[in-house]
Each structure stands twice: as structure tokens, then as C-alpha cells.
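A short reminder: the numbers here are calculations on the coordinates, not readings from a lab. Small disclaimer: the values here were computed from a predicted structure and weren't measured. Note that each Cβ is placed from the backbone with ideal geometry, even for glycine, and that neighbours are counted across all protein chains shown.
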Amino acid sequence: MLPPPAAEDYLVGVRRREGEEERLRKGRPERKPNAVPRLLAAGAIPVGAKLRLRLESLTQKEQEFVGPLLGEDRSAGEAEWTGKSANAALAWAKDGNAYSASGAVVKVLQLSGARSESDGGSAHGPIHWELAEDGRTLWEIAESLPDAHAAAADLGATEGGDAGVSGGSVTPFVGG
């Protein structure tokens, strides 16, 4: 015999609360700060290091747009590490402006036609940019850092999917 719906809802709620209490007792694992602030805090990438867009990290649809663009204009897939801040971590070779890693990827996608200018969206920039000298992505470098650097990295800067993206458009960082 099945319990009446009200009793079932009550039991589900009790089980959910018990599960939440158990997670709190065990403690949640501490979240690592985002990749670019960790790289900045550790000084892991020298200022001026050349970066390139990793085409194969994009979706197949995005590659169909971005591949021909990079064939015509290599500067669209190149950047330089500035070491300034998460929101101005790299200077995009196409226009010389400083962007977050995510913001620069969005600009490439917009320029190629993979995204409309009005659809800024987001991108996980650190997996799309790699060091030209050895091919390691910003994400891979950040993940290889000792945890001591991770603890010091959370300085209020963010490098999330939407960093550098505002109101559907990407704006370059202006300032020092």
C-alpha cells in the first residue's frame, strides 16, 4: 500500500533535510579560486608571454566559423599575457585591447560569426587559451599550481564565464 501524497511529501522533505545536515556535518570541500586569479597571484605566466586560441577546444560548430577566420587573420587567435588583472589578463592581438580570457574568446566568436554581436554569452576562457611556447592551457597551468597559491589568489577578481561580458557585448578593459 502506498502512503498518501501528503505523507510522501513529508517523508521526502525529512530525507532532504537529513541529507543537507549530513553534508554540513561532513563539511563541503573548499572551492578553488578561478584559474586566472590563481595564475596572477602565483606569477605563473611571464608578462608578454604569447598565447594562442586552441581551436580544438571549441565546439564543432564554433570551429566551422573560427577556423576560416584564423586562416585569413591569425591575429584573431593570438594574444599576449598582460599580468594586470583577471578582467584585463590578456591583450588580444586583433585590436590590442585588454580582455579577460573569457571576454577575448567571446570576441573571437563574435568576429567569426559563430555568435552575434548582441549575444555575448559566456566562454570558459582558460581552457581556450594556450601558451604558444608549450601548448599548455591557462587552465592546465592553474591546476598545476600548489594549493598555497590558490589560497592567496582570491583577491576579489573573477575569471568566470561572463568576465568581460556585459549586457550582451564584450567591452575591453580601459585603464591601468
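A few comments on the model shown:
- The set of residues in region 46-74 being within 14 Å of Trp129 (Cβ to Cβ) and part of a helix (DSSP H, G or I) consists of Leu55, Glu56, Ser57, Val66, Leu70.
- Complete set of residues in region 72-91 that are touching a residue at least 60 places away in the same chain (Cβ under 8 Å) and either on the phi > 0 side of the Ramachandran plot or over 15 Å from the mean Cα position of the chain (by Cα) (or both): Lys84
- Checking each residue in region 88-123 for being under 16 Å from Leu58 (Cβ atoms) and of a type in the set (Ser, Thr, Tyr) picks out Ser102, Ser112, Ser122.
- Filter pass, Leu109 being buried (at least 18 other Cβ atoms within 10 Å of the Cβ) and in contact with a Pro (Cβ under 6 Å, 6 or more places away or on another chain): no
- Number of residues in region 98-127 that are in a loop (DSSP other than H, G, I, E, B) and under 13 Å from Glu78 (Cβ atoms) equals 0.
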